[in-house]
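Novice: For reference, the structure I am asking about is given below.
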Amino acid sequence: MKIFWDANALVDLVDQSRPGHTDALLILKDTRKRAAGNLISWHTLSILSYLCSKKFGKGATDEIIQELLKVFKIPVNGSKKADRALGYNASDFEDALQISAAVAAYADYIVTLDTKGFSKSPIPVVTPAEMLCLLRDK
């Protein structure tokens with residue numbers, strides 16, 4: 001199983017003060033036990049860096065990103081995939097880029113807190129709580 005994490009789900013994972021932290025941590029623990037693939041897009045790292053640097057500082061944020069890169073794979077992206085993102089007709093181009101990256105990685109699910117932003121996704125989109133239920137059922 002390949003799980004693609006949207007930026008907001010990844011921020012929940014690294015920030016213990018966020019309400020979604022526990023669910024995100026449980027997803028990661030479960031997928032690592034199963035040797036499932038955890039995926040993020042290249043541009044999610046810049047979003048994460050921007051948000052986390054404000055809260056944790058640059059040094060801690062760099063360490064967080066280094067640890068994440070040990071666990072998460074980044075699908076190959078490029079101009080063609082960015083162009084493809086336009087076809088997903090998402091109201092937010094950043095969400096469309098996430099969809100395109102998930103498609104490129106052959107993800108089975110996209111985990112996000114913003115399911116409405118992914119309404120045009122050809123890949124099933126679930127909240128972290130829904131992903132936990134799916135993992136429990138398998």
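No value in this document is a laboratory result; all are computed from the given coordinates. Just so you know, these numbers come straight off a predicted model, no measurement behind them. No Cβ is skipped: glycine too gets one built from the backbone with ideal geometry, and neighbour counts run over all protein chains shown.
Novice: May I ask which residue of VAL76, GLY59, SER41 lies farthest towards the positive end of the charge dipole of the chain, with charges of +1 (Lys, Arg) and -1 (Asp, Glu) on Cβ and the Cα centre as origin?
Specialist: VAL76
Novice: Using the alpha carbon gyration tensor of segment 2-137, what are the three equivalent-ellipsoid semi-axes (square root of 5 times each eigenvalue), largest first, in whole Å? List each step's numbers first, then the result.
Specialist: Details: eigenvalues 92, 68, 38 Å².
Largest first, segment 2-137 gives 21, 18, 14 Å.
Novice: After finding the eigenvalues of the alpha carbon gyration tensor for segment 11-83, what semi-axes result from the square roots of 5 times each, listed largest first in whole Å? All intermediate terms of the calculation are to be shown ahead of the outcome.
Specialist: On the way: eigenvalues 84, 69, 24 Å².
Semi-axis lengths for segment 11-83 are 20, 19, 11 Å.
Novice: Which net charge results when you count Lys and Arg as +1 and Asp and Glu as -1 among the other residues whose beta-carbon is under 14 Å from that of SER91?
Specialist: Values: positive: LYS116, LYS120; negative: ASP92, GLU94, ASP95, ASP114.
Local net charge: -2.
Novice: Dipole size in debye (nearest 20) for segment 2-137 around its Cα centre, Lys and Arg Cβ +1, Asp and Glu Cβ -1?
Specialist: So the magnitude is around 320 debye.
Novice: Could you give the length gained by full extension between SER53 and ARG32, i.e. 0.36 nm per residue of separation minus their alpha carbon distance, to one decimal place? Intermediate values should be presented prior to the final figure.
Specialist: Numbers: separation 21, 0.36 × 21 = 7.56 nm, distance 2.65 nm.
Contour length minus the Cα-Cα distance gives 4.9 nm.
Novice: Highest first, please rank the peptides 4-17, 38-51, 121-134 by the mean number of other Cβ atoms sitting within 10 Å of their residues.
Specialist: Details: 4-17: 21.9, 38-51: 18.8, 121-134: 17.2.
Sorting 4-17, 38-51, 121-134 by mean packing, highest first, produces 4-17, 38-51, 121-134.
Novice: Determine which residues of segment 2-37 fall in the zone a paramagnetic label at LYS81 would reach in this model, i.e. backbone nitrogen under 19 Å from the point 7 Å along Cα→Cβ.
Specialist: Within reach of a label on LYS81, which here means backbone N under 19 Å from a point 7 Å along Cα→Cβ, segment 2-37 contributes 2-11, 37.
Novice: Need the C-alpha centroid separation for segment 1-38 versus segment 74-138, integer Å.
Specialist: Spelled out, the Cα-based centre of one part sits 15 Å from the other.
Novice: Still on this structure, I have one more. How many lysine pairs in segment 2-137, separated by 8 or more positions in sequence or lying on different chains, have Cα atoms less than 25 Å apart?
Specialist: Eligible lysine pairs with Cα atoms under 25 Å apart amount to 27.
Novice: Hey, can you grab everything whose amide H is under 5 Å from the amide H of ASN38? Only 5+ residues off in sequence or another chain; H modelled, so Pro and N-termini drop out.
Specialist: ILE3, LYS73
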